[in-house]
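The values are calculated or read from the model by the stated rules, or taken from the named source; none is laboratory data. As the structure is a prediction and not an experimental result, all values here were calculated from the model. Heads up, the Cβs are rebuilt from the backbone with ideal geometry, glycines too, and the neighbour counts pull from every protein chain shown. Areas reflect the complete protein model, heavy atoms only, side chains present, ligands, DNA and RNA absent. Shrake-Rupley method; radii C 1.70, N 1.55, O 1.52, S 1.80 Å.
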Amino acid sequence: MVLFRTAGEENTESTLRIAIEEALKTDSKKLLIASSRGYSAQKALEMVPEGIRLIVVTHHVGFKEPNFDEFPAELRKRLTEEGHTVHTATHALSSVERAFRRQYGGVHAAEIVADALRLIGQGFKVCVEIALMAADAGLVRCDEWVVACGGSSKGLDTAVVLKPANSSRLFDLRIGKILCMPSEYVER
């Protein structure tokens, strides 16, 4: 496992290199990438070799403001034309519960799961969440190992090999291997 000294965008290319190498070893040959504004998807498109199916999972429309899609339409078109998939959907670990929390306060189950996953890392939480979203859309099977990449804010800094699950079967998801992630731990 590779531990990056910092989180964020500067790890995107290294994360993709590590993830692509591992995705080539899987039977599925699928690489899930979180990308909200297109930076990570663009980098992945430049780096992904023939034979790897790229599945880009974006923020849902309206994440920042009503009716606004952050993901560039021209990049979506290019990815699709090159045989890859862009999936825009409601976040599996927040969605409606966030609206209830904002309106009424309180703590809700999906947000507790998200916070527990963030104990490992924000990018780790994203990897699990995009795998749930992709499984719910039928873009990945729940009986195959795939590689998922997420990040802490901008770019990618975490890659995980996992067996997805549908969100209604969250606890069936399996983590096979953590490939890379940022760490605050410094060896002496």
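Key figures for this structure:
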read-out	value
Complete set of residues in region 49-80 that are farther than 26 Å from residue 96 by Cα, part of a loop (DSSP other than H, G, I, E, B) and open to solvent by less than 20 Å² (accessible area, probe 1.4 Å)	52
Cross-chain or 6+ apart pairs with Cβ under 8 Å, region 111-124 first and without any contact (Cβ under 8 Å) to a residue 60 or more places away in the chain and more than 9 Å from residue 93 (Cβ to Cβ), then part of a helix (DSSP H, G or I) and basic (Lys, Arg)	118/125; 124/118
Selection status of residue 37, under 25 Å from residue 115 (Cβ atoms) and open to solvent by 60 Å² or more (accessible area, probe 1.4 Å)	yes
Residues of region 127-158 satisfying the condition of being open to solvent by 20 Å² or more (accessible area, probe 1.4 Å) and either modelled with pLDDT of 95 or more or within 19 Å of residue 97 (Cβ to Cβ) (or both)	136, 137, 138, 139, 141, 142, 143, 144, 145
Residues (assigned to a strand (DSSP E or B), farther than 22 Å from residue 63 by Cβ and open to solvent by 10 Å² or more (accessible area, probe 1.4 Å)) located in region 1-34	2, 3, 4, 30
